[in-house]
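Remarks on the structure that follows.
The values are calculated or read from the model by the stated rules, or taken from the named source; none is laboratory data. None of these values were measured; they are calculated from a predicted model. Backbone-built Cβ (ideal geometry, glycine too); neighbour counts: all protein chains shown.
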Amino acid sequence: MIVSIVHFLGVLILLTAFEILAQSYIRPMINTVALQSILLAIIMILIGLSEKRVDLLILSVLTIAIRGVAIPEVLKKDIRKRGIWIYREVETRVPALVIIGLIISIAGYVIYKELSVFIGRNGDLPFILFLLGFLVIIAKKNALTQMVGYIIEENALLYAGIIISHMPLILEAGVFLDLLALVLAGVILAAEKDYGVLELEELVG
């Protein structure tokens with residue numbers, strides 16, 4: 001039962017990545033990646049309770065607090081302060097990105113199945129999520145949306161660590177990634193204030 005629920009939540013996490021690819025406005029992207037982080041935390045809670053792993057329960061709380069609440073609020077605070085973030089990106093190519101995402105997902109699934117003998121059988125969803133996060137980073141054109149892509153990459157790595165390897169240092173790794181994300185968010189927002197924002201057009205959302 002737990003395995004089925006975890007797999008279903010994994011599919012939902014993957015769908016949130018497609019929602020981000022299909023989105024042109026920044027605020028909904030931030031809200032969606034926050035939801036993705038919370039879904040990942042729920043997976044940690046389920047596995048942590050079933051396997052009696054305190055480290056996963058602690059990490060789930062940190063994930064909700066930092067990636068589900070703190071980092072999204074930091075990013076949205078800048079949106080509230082600077083009205084320019086309510087505009088959408090120029091040339092987002094949403095239909096093309098979704099199609100590319102589907103192609104990458106299929107290719108990632110095939111590649112992972114070939115490597116599953118060496119890595120593990122249950123890591124296809126985290127692997128595909130990692131590829132989609134990378135696509136968000138290279139396809140989106142401003143710093144905040146690229147920060148969203150970085151959070152997707154973080155979630156994919158933690159997801160893989162939980163599902164595949166049961167890393168003994170997963171708590172330390174999760175805390176390090178969260179702190180790194182907070183530092184990057186601060187650096188990105190500071191840079192945007194110094195140099196301005198590019199690749200936005202005047203359609204409010």
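Structure above, values below:
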read-out	value
Residue within region 48-57 that is within 25 Å of Gln146 (Cβ to Cβ), at pLDDT 85 or above and not hydroxyl-bearing (Ser, Thr, Tyr) present	no
Search result, residues across region 110-164 that are of a type in the set (S, T, N, Q), under 21 Å from Ala41 (Cα atoms) and not in a helix (DSSP H, G or I)	Asn122
Qualifying residues in region 36-61 (those that are over 20 Å from the mean Cα position of the chain (by Cα) and among the small types (Gly, Ala, Ser)) - the one surrounded by the fewest Cβ atoms within 10 Å (Cβ to Cβ)	Ser50
Residue among Val11, Val33 that alone is within 14 Å of the chain's Cα centre (by Cα), surrounded by 16 or more Cβ atoms within 10 Å (Cβ to Cβ) and at pLDDT 90 or above	Val33
Failed item in (1) closer than 19 Å to Ile100 by Cα; (2) in a helix (DSSP H, G or I); (3) in contact (Cβ under 8 Å) with a residue 24 or more places away in the chain; (4) of a type in the set (S, T, N, Q), with Gln23 passing the rest	(2)
Neighbours by Cβ (under 8 Å, 6+ apart or cross-chain): first from region 38-54, basic (Lys, Arg); second surrounded by 18 or more Cβ atoms within 10 Å (Cβ to Cβ) and assigned to a helix (DSSP H, G or I)	Arg53/Ile47
Residue within region 97-120 that is at pLDDT 85 or above, among the hydroxyl-bearing types (Ser, Thr, Tyr) and surrounded by fewer than 16 Cβ atoms within 10 Å (Cβ to Cβ) present	yes
